[in-house]
Amino acid sequence: MSDTESLSFDVVVVGGGPSGLATAIRLKQLANEQSLDLSVCLLEKGATIGAHILSGAVIDPRALFELFPDWQSRGAPLTTAATDDRFMLLTESKAFRMPTPPQMENHGNYIASLGALCRWLGEQAEALGVEIYPGFPAARLLIEGETVVGVMTGEVGIGRDGNKTDQYQPGMELRAKQTVFAEGCRGSLTKELFERFPLRRNADPQTYGIGIKELWEVDNPLHTPGTVMHTIGWPLDSSTYGGSFLYHLHENKIAVGFVVGLDYRNPYLSPFDEFQRFKTHPAIRPMFENGRRIGYGARALSEGGFQSIPEIAFAGGVLVGDGAGFLNVPKIKGTHTAMKSGMIAAEAIFDYLRSNSEQSVISQYPARLKSSWIWDELYKARNIRPSFNFGLYGGLLYSAVDTYLFRGRAPWTFHHHADHLQLDPKEKHAPIAYPKPDGIVSFDKMSSVALSNTNHERNQPVHLKLQDASVPIDINLNLYDAPEQRYCPAGVYEIIRNSESGLPSLLINAENCVHCKTCDIKDPKQNIVWTVPEPGGGPIYPDM
Amino acid sequence: MHIVVCVKQVHDPEVAPALFTINEATNAVVSVAGLAQVISPYDEQAIEAALRMKDKKPDTKITVLTIGAASAREVLKHALSMGADEAILVNISAGVLLDSYATAKFLHEAVNKIGSFDLILAGRQSADLDAGVVGNGLAELLHIPAITFAKRIEVVESKVVVDRVVDNGSEKIETTLPALITVSNEIGAARKPNLRETMRASRKPTQSWTQADLSKEPMEATEELIKLFIPKKEKHCEFLAGTSAAEQASLLVRKLRDARLI
Ligand SMILES: Cc1cc2nc3c(=O)[nH]c(=O)nc-3n(C[C@H](O)[C@H](O)[C@H](O)COP(=O)(O)OP(=O)(O)OC[C@H]3O[C@@H](n4cnc5c(N)ncnc54)[C@H](O)[C@@H]3O)c2cc1C
Ligand code: SF4
């Protein structure tokens with residue numbers, strides 16, 4: 001081996017979202033209660049905890065209550081109780097209020113910033129003795145034989161040409177008895193684990209959505225803290241799954257976002273432009289007209305639910321959170337399940353490590369998870385998302401029947417297909433003429449990305465790797481009119497033409513990437529692979 | 001050798017301007033909630049300059065010093081993670097605005113309390129107020145030579161040789177130690193914190209002093225900030241009447257004259 005530095009811990013956690021932080025906290029709580037020495041190290045690729053976190057969010061505090069029964073007196077930043085639920089169906093010019101489906105009732109929940117909650121969880125974790133290292137992404141798996149023995153952090157100072165610069169610093173090996181992968185939706189190392197171990201062999205393909213979100217400061221009588229609104233329908237056509245969320249926070253803030261199922265078929269569809277158009281609806285526009293946009297970003301979310309849950313324990317490690325797909329789609333909530341899965345994993349790991357020290361499969365984790373409330377919750381919700389393959393109205397109708405008649409226990413289970421296989425050839429659709437942004441409520445992509453504060457060292461290899469350099473033109477452009485230009489919410493992909501020959505090529509503006517992972521999911525040939533960039537890269541989200 | 005590096009915590013200059021507003025009552029810049037403040041980039045480069053000297057002479061000790069609210073511990077942690085050895089926070093309440101003179105006086109008291117040093121480094125100016133006065137003020141109070149805008153620093157026995165950025169190039173200046181040097185961006189990129197140092201950072205000595213630890217006199221600002229504001233930019237667009245190019249051109253000339261632009 002080379003002179004790579006190596007350090008050993010009992011547990012290494014990859015990712016400082018709600019799942020990773022809850023895992024680390026629970027491990028240390030147990031160790032401290034029993035006065036046991038347990039070293040827990042948490043790596044986070046964002047420059048600070050929360051900097052890469054983007055969510056809605058209406059948060060169900062169930063798992064938080066279990067982790068810190070006294071979370072309120074400890075000052076957790078869940079202060080806006082959800083008081084009013086509105087579920088609306090939009091047509092181009094009208095909005096119809098619909099009965100709120102029971103899964104979407106939010107009594108007892110809180111409207112909050114998940115970034116702020118994670119920062120708070122990070123402080124709690126540090127106080128308990130977790131070693132937290134933000135700004136250090138895990139870049140590679142360490143595997144020996146068939147066992148995960150840890151991860152390697154990213155190198156610094158490799159130039160765009162692949163050579164070391166004078167800033168070069170090697171990565172570091174972090175070895176652990178158990179490595180917890182808490183990378184969130186479409187984790188880059190989690191994906192390698194899926195390929196390396198056949199963890200998905202008995203699961204449906206995962207299906208995803210892209211969520212694009214803005215944070216606004218408004219000065220407006222329409223702003224009523226506690227209001228939770230969801231819309232379906234316009235501007236999406238009825239064969240595309242998706243809709244908006246609009247959450248009124250305290251301090252004159254509104255979180256507004258738009259989610260589009262990544263199984264969409266029309267290659268001309270642009271989730272970003274659908275979102276911008278949504279805000280121009282006569283029922284929505286007045287909310288923002290004299291407001292100020294203070295945040296923008298995007299993140300993919302797992303929508304496969306129950307059918308898509310992979311095996312979550314393997315030799316040397318476990319998967320927790322949205323990386324394993326524990327999001328409840330009809331509820332559009334994954335924070336409570338992410339935290340709970342981490343807590344269950346922590347308890348199982350702790351019990352195992354008390355009497356063993358070799359890297360093995362923690363089979364108690366899946367066993368306990370299956371008897372927890374997560375399993376029941378996801379089981380009942382399992383048919384809702386795939387029923388929208390019948391279209392918007394078919395899905396709504398089915399969901400009502402499944403929920404009210406069968407109470408989630410219908411004797412069948414619908415299945416999912418991989419999102420990247422769903423695009424139609426461009427000939428089947430006409431380009432969509434999106435309206436020009438008005439600069440008041442709707443904006444262009446570049447001024448939006450600026451608000452994500454994303455940044456990457458320019459002199460580094462492109463972190464969006466093409467497996468085959470010919471696919472973007474020969475397949476993506478020719479068959480699908482280069483859909484990456486439209487689904488990427490940060491304008492990373494651009495088709496440019498040579499000024500003399502007129503020949504097209506794909507330009508990748510990797511600096512703009514906001515780490516949403518959509519390209520890794522939707523690229524029709526799975527030719528684009530998202531890898532972690534040099535440490536420190538990525539968005540800096542304020543309380544998103 | 002003992003190098004003291006003065007650093008300041010500022011609003012992240014890389015963050016979109018739309019995320020900041022000005023509180024007119026307190027004349028303070030306010031960022032939207034949830035944004036972390038950072039070390040002023042020139043100060044980060046001053047740490048880099050110190051670390052390069054330490055790379056050459058490993059027995060060099062680097063102490064980072066900041067005056068700030070409790071949140072400024074984060075910039076000290078950053079400096080220690082880059083490789084500095086010790087850190088001192090002079091803790092003042094959040095929201096206290098010190099002017100350049102008060103800051104220099106405060107740093108002077110702190111440096112006196114630190115005791116011995118060979119070299120003091122600071123950024124050429126802070127990234128928020130851009131005044132560039134504190135370093136020189138501190139040198140004056142300490143009665144030591146100051147060299148500004150360094151792009152290269154070399155210590156040779158009891159002397160220091162500095163390449164200093166000037167308008168059309170650079171000049172070489174030599175002085176005796178102890179001295180104060182302000183560092184310019186031409187020195188080159190600061191290194192990233194590495195994991196090994198970051199892991200050690202929490203165990204490195206860090207002290208927190210209050211004003212009472214330094215002096216009995218209150219540190220009062222001698223300057224008053226009267227108004228901090230974001231200039232309003234207005235745009236108007238007017239289409240010139242007229243049917244021919246010649247007619248439009250003469251209308252344009254008249255407009256520009258009326259506006260006293262030509
Ligand atoms: C638009 C949108 C709206 C949502 N609304 C809600 C809602 O209203 N309520 C709700 O409960 N849930 C909501 N969710 C879902 C919720 O945000 C997720 O379920 C939850 O964030 C999952 O937590 P996690 O810890 O698994 O992953 P994440 O929150 O994604 O956190 C993963 C962390 O790991 C880091 N990371 C990833 N890879 C690496 C690596 N290799 N090395 C180091 N660090 C790494 C990331 O930077 C990130 O900080 C929403 C999601 C989206 C996208
Ligand atoms: S490049 Fe990929 S991961 Fe980055 S913002 Fe675009 S779609 Fe998201």
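When A:F350, A:F306, A:F326, A:F288 are checked against the criterion of being open to solvent by less than 10 Å² (accessible area, probe 1.4 Å) and within 16 Å of ligand 1 (Cβ to nearest atom), A:F326 stands alone in meeting it.
Among the residues of segment B:25-61, the ones that are within 14 Å of another protein chain (Cβ to nearest Cβ) and more than 30 Å from A:G295 (Cα to Cα) come to 4 in all. Reported count of residues in segment A:29-51, each being away from ligand 2 (no atom under 16 Å from the Cβ), within 14 Å of chain B (Cβ to nearest Cβ) and part of a loop (DSSP other than H, G, I, E, B), is 5.
Scanning segment A:9-21 for residues that are more than 8 Å from ligand 1 (Cβ to nearest atom) and surrounded by 24 or more Cβ atoms within 10 Å (Cβ to Cβ) yields A:V11, A:V12, A:V13. Among the residues of segment A:276-329, the ones that are small (G, A, S), assigned to a loop (DSSP other than H, G, I, E, B) and either more than 14 Å from every other protein chain (Cβ to nearest Cβ) or under 23 Å from A:Q364 (Cβ atoms) (or both) come to 6 in all. Evaluated against (1) in contact with an Asp or Glu (Cβ under 6 Å, 6 or more places away or on another chain); (2) more than 30 Å from A:P102 (Cβ to Cβ), A:A410 falls short on exactly one condition, (2).
Does segment A:358-366 contain any residue that is of a type in the set (F, W, Y), away from ligand 2 (no atom under 16 Å from the Cβ) and either at pLDDT below 95 or in contact with a strand residue (DSSP E or B) (Cβ under 6 Å, 6 or more places away or on another chain) (or both)? Yes; the residues of segment A:358-366 include at least one that is of a type in the set (F, W, Y), away from ligand 2 (no atom under 16 Å from the Cβ) and either at pLDDT below 95 or in contact with a strand residue (DSSP E or B) (Cβ under 6 Å, 6 or more places away or on another chain) (or both). Scanning segment A:464-486 for residues that are within 16 Å of ligand 1 (Cβ to nearest atom) and open to solvent by less than 60 Å² (accessible area, probe 1.4 Å) returns a single hit, A:L464. Apart from one condition, B:F149 fits all of (1) part of a loop (DSSP other than H, G, I, E, B); (2) within 18 Å of the chain's Cα centre (by Cα); the exception is (1).
Residues in segment A:1-28 that are within 14 Å of chain B (Cβ to nearest Cβ) and of a type in the set (S, T, N, Q): A:T4, A:S6, A:S8. So is A:S452 in a loop (DSSP other than H, G, I, E, B) and closer than 30 Å to B:K192 by Cα or not? Criteria met by A:S452. Between A:T153, A:T227, A:T179, the distinction of being at pLDDT 95 or above, crowded, with 19+ Cβ neighbours inside 10 Å and touching a Pro at 6+ places or on another chain (Cβ under 9 Å) belongs to A:T153 only. Restricting attention to segment A:53-75, the residues that are open to solvent by 20 Å² or more (accessible area, probe 1.4 Å), touching a residue at least 40 places away in the same chain (Cβ under 8 Å) and not aliphatic (A, V, I, L, M) add up to 6. All of A:L174, A:L222 fail the test of being part of a loop (DSSP other than H, G, I, E, B), of a type in the set (A, V, I, L, M) and over 21 Å from the mean Cα position of the chain (by Cα), apart from A:L222.
For segment A:411-433, the condition holds for no residue, the condition being that it is under 18 Å from A:K331 (Cβ atoms) and among the basic types (K, R). The residues of segment A:230-275 that are open to solvent by less than 10 Å² (accessible area, probe 1.4 Å) and not in a strand (DSSP E or B), listed by number, are A:L262, A:Y264, A:P267, A:L269, A:S270, A:P271, A:F272, A:E274, A:F275. Only a single item in (1) modelled with pLDDT of 95 or more; (2) over 23 Å from the mean Cα position of the chain (by Cα); (3) open to solvent by 20 Å² or more (accessible area, probe 1.4 Å) is not met by A:H107, and it is number (1). Looking only at residues of segment A:30-51 that are out of contact with any helix residue (DSSP H, G or I) (no Cβ under 8 Å at 6 or more places or on another chain) and open to solvent by less than 20 Å² (accessible area, probe 1.4 Å), we find that the one that is farthest from ligand 1 (Cβ to nearest atom) is A:C41. Here A:S270, A:S341 are screened, and the one residue that is of a type in the set (S, T, Y) and closer than 15 Å to A:E377 by Cα is A:S341. Of the listed requirements (1) modelled with pLDDT of 95 or more; (2) more than 16 Å from ligand 1 (Cβ to nearest atom); (3) outside any helix (DSSP H, G or I), A:D3 misses just one: (1). Taken as a whole, the condition of being in contact (Cβ under 8 Å) with a residue 40 or more places away in the chain, within 14 Å of chain A (Cβ to nearest Cβ) and surrounded by fewer than 16 Cβ atoms within 10 Å (Cβ to Cβ) does not apply to B:S81. Selection of segment A:206-220 for residues being under 18 Å from A:G115 (Cα atoms), more than 14 Å from chain B (Cβ to nearest Cβ) and open to solvent by 10 Å² or more (accessible area, probe 1.4 Å) yields an empty set.
Checked against the criterion of being surrounded by fewer than 17 Cβ atoms within 10 Å (Cβ to Cβ) and under 24 Å from A:K45 (Cβ atoms), the candidates A:L117, A:L128 yield just one match: A:L128. The numbered conditions (1) part of a loop (DSSP other than H, G, I, E, B); (2) in contact with a strand residue (DSSP E or B) (Cβ under 8 Å, 6 or more places away or on another chain); (3) without any contact (Cβ under 8 Å) to a residue 60 or more places away in the chain are all true for A:F443 except (3). Going by the structure shown, is A:N509 more than 10 Å from ligand 2 (Cβ to nearest atom), open to solvent by less than 40 Å² (accessible area, probe 1.4 Å) and modelled with pLDDT of 95 or more? The answer is no for A:N509.
Do you know which residues across segment A:290-326 are within 16 Å of ligand 2 (Cβ to nearest atom), of a type in the set (S, T, Y) and touching a Gly at 6+ places or on another chain (Cβ under 6 Å)? Answer for segment A:290-326, where residues must be within 16 Å of ligand 2 (Cβ to nearest atom), of a type in the set (S, T, Y) and touching a Gly at 6+ places or on another chain (Cβ under 6 Å): just A:S302. A single entry from A:P489, A:P461 fulfils the requirement of being within 16 Å of ligand 1 (Cβ to nearest atom), in contact (Cβ under 8 Å) with a residue 40 or more places away in the chain, more than 14 Å from chain B (Cβ to nearest Cβ) and touching a Lys or Arg at 6+ places or on another chain (Cβ under 8 Å): A:P489.
For A:A450, state whether it is more than 16 Å from ligand 1 (Cβ to nearest atom), under 25 Å from the mean Cα position of the chain (by Cα) and at pLDDT 95 or above. Spelling it out, A:A450 is indeed more than 16 Å from ligand 1 (Cβ to nearest atom), under 25 Å from the mean Cα position of the chain (by Cα) and at pLDDT 95 or above. If you go through segment B:223-237 and keep only what is acidic (D, E) and in contact (Cβ under 8 Å) with a residue 12 or more places away in the chain, you end up with just B:E223. B:L89 meets each of the listed conditions (1) closer than 26 Å to B:N185 by Cα; (2) open to solvent by 30 Å² or more (accessible area, probe 1.4 Å) apart from (2).
The values are calculated or read from the model by the stated rules, or taken from the named source; none is laboratory data. No experiment lies behind these values; they were computed from the predicted model shown. As a convention, Cβ positions derive from the backbone with ideal geometry for all residues, glycine included, and neighbour counts pool all protein chains shown. Ligands, DNA and RNA are excluded from the accessible area calculation, which covers all protein heavy atoms including side chains. Shrake-Rupley method; radii C 1.70, N 1.55, O 1.52, S 1.80 Å.
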